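Read the structure below first, then the notes.
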Amino acid sequence: MKTSNGLLIAAAVALVGVTGCASKNYVKSQTAPIVEHTNTLDQKTAENNRNLHDVDDRATAGIKQAQTAAESAAQNAQNAGKAAGDASTAANDAVHRADSLDSVVKGLDNYKSMANVTVTFGFDKATLSKDDQAQLDQFAQQLASAKSYILEVTGGTDSTGSAAYNYDLSNRRADAVVQYLASKYGVAAHRFYLIGIGKDKEVAPNTTAEGRKQNRRVEVQLLSNMGGGQATPAATAPAAPGPGSN
């Protein structure tokens, strides 16, 4: 009797063991794919995070580089603009501006006109065309052999617009000619005598388009001192008028 009971107990224990192993194997078989899938997702998430960080780092570096380049370009442009402005101011300060040559040049009677050229401008324009530059180039060939000379540069306009605006425009046109001759041919600033007459003195009737075109002009006259002396401002010369009045 005891032997039979022992066998039954042993069989029951064996059955429980078999059942327990089967259950564990089943659970393991069911959860293994889930665990593997979870691990894969974790790896992809980590990889995506690394990629996002890389993209963010590259974007930040690119933005910083672009900002640096933009700041550098802006600084260079500012420096170039300041240099150009300083050069223009220096040139404008050095040239003589007057209502007439008689008021600034002593012994003007000793000067003789050697050559002249006239260039015209578009309506409300103060920039030289290629044709204007070609005419000034031809005129400038005579400067190399000229002695003790001055250049009378007279700017004019047509009758359109106010007197104040045209005085300023005529000066800007004369300045354009001065800057061209000075920069290309090395003409010293003190040799220029600028006279802005606005619309005061017309060379043709302003009632026609052709007449107005002729009045939108700058006349350059080469005057040589026959006495051989350099041009000198007169002792009683008035101060150069301000913009818009000369």
Search region 185-196 for residues that are closer than 13 Å to Ala140 by Cβ and assigned by TED's automatic domain parsing to the domain that holds Gln141 and pair each with any residue that is modelled with pLDDT of 90 or more and among the small types (Gly, Ala, Ser) when their beta-carbon atoms are under 6 Å apart and the residues are at least 6 apart or on different chains.
-> Tyr185/Ala140
With respect to Asn246, determine if the residue is under 35 Å from the mean Cα position of the chain (by Cα) and modelled with pLDDT under 85.
-> yes
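For residues that are out of contact with any Leu (no Cβ under 8 Å at 6 or more places or on another chain) and modelled with pLDDT of 90 or more, scanning just region 186-198, find the one that is farthest from Ser170 (Cα to Cα).
My answer is Gly186.
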Write out, first by first residue and then by second, each pair whose Cβ atoms fall under 7 Å of each other, whose residues are 6+ apart or on separate chains, and whose first residue, in region 204-219, is loosely packed, with under 14 Cβ neighbours inside 10 Å while the second is not in a loop (DSSP other than H, G, I, E, B).
-> Pro205/Gly211
Residues that are under 29 Å from the mean Cα position of the chain (by Cα), of a type outside the set (Ser, Thr, Tyr) and surrounded by 14 or more Cβ atoms within 10 Å (Cβ to Cβ), drawn from region 116-132 = Val119, Phe121, Lys125, Ala126, Leu128, Asp132
Qualifying residues in region 141-155 (those that are in contact (Cβ under 8 Å) with a residue 12 or more places away in the chain and surrounded by fewer than 15 Cβ atoms within 10 Å (Cβ to Cβ)) - the one nearest to Leu128 (Cα to Cα) = Gln142
Could you tell me which of the residues Asp168, Asp158 is surrounded by 14 or more Cβ atoms within 10 Å (Cβ to Cβ) and free of Cβ contacts under 8 Å to residues at least 60 places away in the same chain?
-> Asp158
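The values are calculated or read from the model by the stated rules, or taken from the named source; none is laboratory data. Being a predicted model, the structure only gives us computed values, none of them experimental. Cβ coordinates were reconstructed from backbone atoms using ideal geometry, including for glycine residues, and neighbour counts include every protein chain displayed.
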